[in-house]
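This report concerns only the one structure given below.
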Amino acid sequence: MLITPIQIVDEPLVIDETIAPGVVDYTADLRQTGPMTVQGAADLLMEHRDTGSAVNDIRLRAAYHGDFEILCARCVEPVALPLAGEFDLMFRPEEADAVAGEHAISTDETEIGYYQESGLLLEDVVREQVLLSLPGRTLCKEDCKGLCPRCGQNLNLATCSCGDAPADPRWNALAGLADKLDVKH
């Protein structure tokens, strides 16, 4: 859904969208498994500048919820992950702050996103918000054993014989080194 300033000049645009799985490309390890609802509103805020010009800022307030699947951080098996969140964001046209060279910005300006001349794509905003809401690390279960580093076997499903394999002989020179060190505190 494209949101343009022209759509919201006279009144806010009510958003009641359902985004189907596969419409938004998240990351390689995150997949949307069901429809995601997005409900909210977009408002136009006219920002008057010192130069006498006005900038069409878009304020987008919405809530989303949907079902996702993310890969376990240890065994790489899919894990069901329901996600929900709310956001209240401000967007400004890209060209409004286009200044050649480097310049300082205020703390308030760090909270502003930018949209292209064609408008603001709701799916892009939702994608960003979903990615920001992901947990730092997801496990299929707390005691997930992960994958064998040698053969790649999922150790939650079966054991492998790699643990019985002899150690790399190049490490033999270091065997017993800790016993030989006299550590004094």
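Along region 145-150 the Karplus relation, 6.51 cos²θ - 1.76 cosθ + 1.60 evaluated at θ = phi - 60°, assigns HN-Hα couplings of 8, x, 10, 5, x, 8 Hz to successive residues, with x for each Gly and Pro. Any chance you could check the Cα centroid distance between region 24-72 and region 116-144 for me, in angstrom? So the separation of the two Cα centres works out to 11 Å. Add -39500 (n - 2.57) for each DSSP H run of 4 or more in the chain, then divide by its residues: what number comes out at 222 nm, to the nearest 500 deg cm²/dmol? Dividing the helical sum by the residues of the chain leaves -2500 deg cm²/dmol. Read through the labelled values (1) 11.0; (2) 19.9; (3) 9.2 and report the label of the one computed as mean projected area of the Cα convex hull in nm² from the structure. Computing mean projected area of the Cα convex hull in nm² and matching it to (1) 11.0; (2) 19.9; (3) 9.2 gives (2). Computed from Cα atoms, the angle from the helix 122-133 axis to the main principal axis of the chain rounds to 40 degrees.
Starting with the fewest neighbours, write out 112, 70 ranked by other beta-carbon atoms found within 10 Å of each beta-carbon.
Going from least to most buried by this count: 112, 70.
Every read-out reported here was derived from the displayed coordinates using simple, explicitly stated rules and does not represent laboratory data. Keep in mind it's a predicted model, so treat the numbers as computed, not measured. For neighbour counting, all protein chains shown are included, and Cβ atoms are generated from backbone atoms with ideal geometry for every residue, glycine included.
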